[in-house]
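Presented below is the structure to which this report refers.
The values are calculated or read from the model by the stated rules, or taken from the named source; none is laboratory data. All values reported here derive from a predicted model rather than from experimental measurement. Reconstructed Cβ throughout: ideal geometry from the backbone, glycine too, with neighbour counts over all protein chains shown.
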Amino acid sequence: MRTLLIISTILLLFSCNKEEENELPILTEKHKSLVGASNAFGFNLYQEVASNESADANIILSPLSVSTALGMLLNGAKGQTETSILNTLGLDLSTDENNASVRDLLDFLPNVDTQVQTSIANSIWYEESFNVIPEFIQVNQDNFDAEVSALDFSDPNSVNLINSWVSNATNDKIPLILESINSDERMFLINAVYLNAPWAEAFDPNNTFSGQFQLENGTSISTPMMHSEDIEFAYVLNSDVEMINLPYGNGAYSFTAILPAPGKTIQETEALLNPTNLKNWQSSLSTAHSLHLNFPKFELEFESSLKEALSALGMGIAFSDQADLSGINEEGGLLVTEVKHKCYIKLDEAGTEAAGATSIGVGVTSVPPTVSFDKAFLFVISESNTGAILFMGRISNPNP
């Protein structure tokens with residue numbers, strides 16, 4: 001149906017300056033490989049998810065959240081199952097190399113901009129009677145900062161405890177990731193990503209007006225539209241896209257929004273989105289002069305089971321009786337029961353608040369010219385030094 005976006009900015013190979021007395025990790029070629037793979041995985045994942053969504057549906061994904069959760073699962077996968085997950089993630093690193101690179105990125109991303117609140121949390125929850133190999137727990141604690149808890153899964157309060165952790169890790173934006181625990185489930189690997197980012201230059205709320213947003217079915221709806229005549233933003237218009245880039249905080253994080261060029265559809269634009277094209281478009285960005293900007297306010301949620309999408313991308317064995325997760329439990333007989341993904345985003349005059357959570361269930365054998373974003377557009381929220389994509393999606397209806 002369509003593919004989407006992801007920033008594929010090349011990692012800068014340099015030692016970063018101190019931020020509030022904390023020395024950030026030095027980014028290497030292996031970090032570059034990990035981020036590039038995560039971004040490419042995000043493109044592929046979006047394509048599969050979008051193929052099951054209607055043209056007028058909003059889509060919000062956190063490639064960082066999904067790939068991090070799968071990174072924890074990797075530490076329990078063996079043989080063909082491990083290979084299938086590595087291939088699905090597009091990693092040319094070993095599982096151990098992936099762990100080390102994730103460790104550094106978890107230290108880097110939350111500290112690169114003190115004006116932007118970024119948190120990445122991981123947890124492992126397992127049935128208290130289930131024997132977990134200690135090394136599996138230890139490697140995820142060491143490299144993913146995973147919080148580990150043994151629970152009585154037959155106790156209904158266990159679901160509440162897991163949901164409470166996710167809610168707390170996402171600042172209450174995703175209050176529920178599990179509705180129940182099935183009798184065959186023995187473990188949950190959960191990642192949560194939270195971002196609260198003020199614009200480098202805020203929109204004036206007094207300039208917000210009630211504007212029209214064109215839906216894909218040809219009709220229009222009324223929605224609050226922010227307006228600015230003096231915010232500096234990077235802009236490009238070519239034969240393929242009309243694109244802007246709005247920085248957050250000190251500029252490390254940014255919001256990229258992509259409109260189809262005049263005469264093109266959102267489907268045609270999505271089909272053009274790949275790392276090469278996006279890099280070329282970004283290299284053409286320049287500071288806009290004599291341009292006004294209209295941009296819709298929105299607050300949206302999205303959720304999806306990723307089981308079919310991940311199976312289509314090559315890791316179907318992990319969901320089957322042939323799965324080898326003997327790195328979690330020596331007795332084997334385990335498979336992935338579900339991969340559930342939820343996202344939230346709110347964008348207004350002050351900035352952007354976004355949250356994403358991924359749960360992997362493991363069970364036994366889941367005026368002047370105006371740039372006006374008044375129709376379906378794509379977005380990416382990324383960090384510039386690493387190129388890591390925290391959130392991405394399509395806004396087809398800001399007021400569903």
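Ile174 falls short of the stated requirement of being surrounded by fewer than 15 Cβ atoms within 10 Å (Cβ to Cβ) and among the β-branched types (Val, Ile, Thr). Would you please name the residue that is nearest to Ile26 (Cα to Cα), looking only at residues in the range 107-133 that are more than 16 Å from the chain's Cα centre (by Cα) and in a helix (DSSP H, G or I)? Selected residue: Phe108. Counting only strands (runs of 3 or more DSSP E) that sit completely within the range 350-400, zero hold 2 or more residues that are under 20 Å from Asn207 (Cβ atoms) and of a type in the set (A, V, I, L, M). If I filter the range 197-220 down to residues being of a type in the set (A, V, I, L, M) and modelled with pLDDT of 95 or more, which single residue comes out as nearest to the chain's Cα centre (by Cα)? Restricting to residues being of a type in the set (A, V, I, L, M) and modelled with pLDDT of 95 or more, the top hit is Ala197. Would you say Leu313 is under 25 Å from Glu353 (Cβ atoms), modelled with pLDDT of 95 or more and in the same structural domain as Leu86 (by TED's automatic domain parsing)? Spelling it out, it is not the case that Leu313 is under 25 Å from Glu353 (Cβ atoms), modelled with pLDDT of 95 or more and in the same structural domain as Leu86 (by TED's automatic domain parsing). Residues that are surrounded by fewer than 24 Cβ atoms within 10 Å (Cβ to Cβ) and of a type in the set (A, V, I, L, M, F, W, C) were ranked within the range 333-353; the one that is nearest to Ser320 (Cα to Cα) is Leu335.
Are there any strands (runs of 3 or more DSSP E) wholly within the range 163-268 with 3 or more residues that are out of contact with any Asp or Glu (no Cβ under 6 Å at 6 or more places or on another chain) and farther than 30 Å from Gly387 by Cβ, and if so which?
Details: elements: 185-198, 209-214, 220-228, 234-237, 241-247, 253-260.
Filter on the range 163-268 gives 209-214, 220-228.
If I go through the range 251-303 residue by residue, how many of them are within 20 Å of Pro198 (Cβ to Cβ), surrounded by 14 or more Cβ atoms within 10 Å (Cβ to Cβ) and within 19 Å of the chain's Cα centre (by Cα)? Total satisfying the criteria: 8.
In the set Leu12, Leu34, only one residue is assigned to a helix (DSSP H, G or I) and either at pLDDT 70 or above or not acidic (Asp, Glu) (or both); that residue is Leu34. Selection of the range 205-250 for residues being in contact with a helix residue (DSSP H, G or I) (Cβ under 8 Å, 6 or more places away or on another chain) and of a type in the set (Val, Ile, Thr) yields Val236, Val241. Note on the range 382-394: residues that are over 12 Å from Thr256 (Cβ atoms) and surrounded by fewer than 22 Cβ atoms within 10 Å (Cβ to Cβ) total 1.
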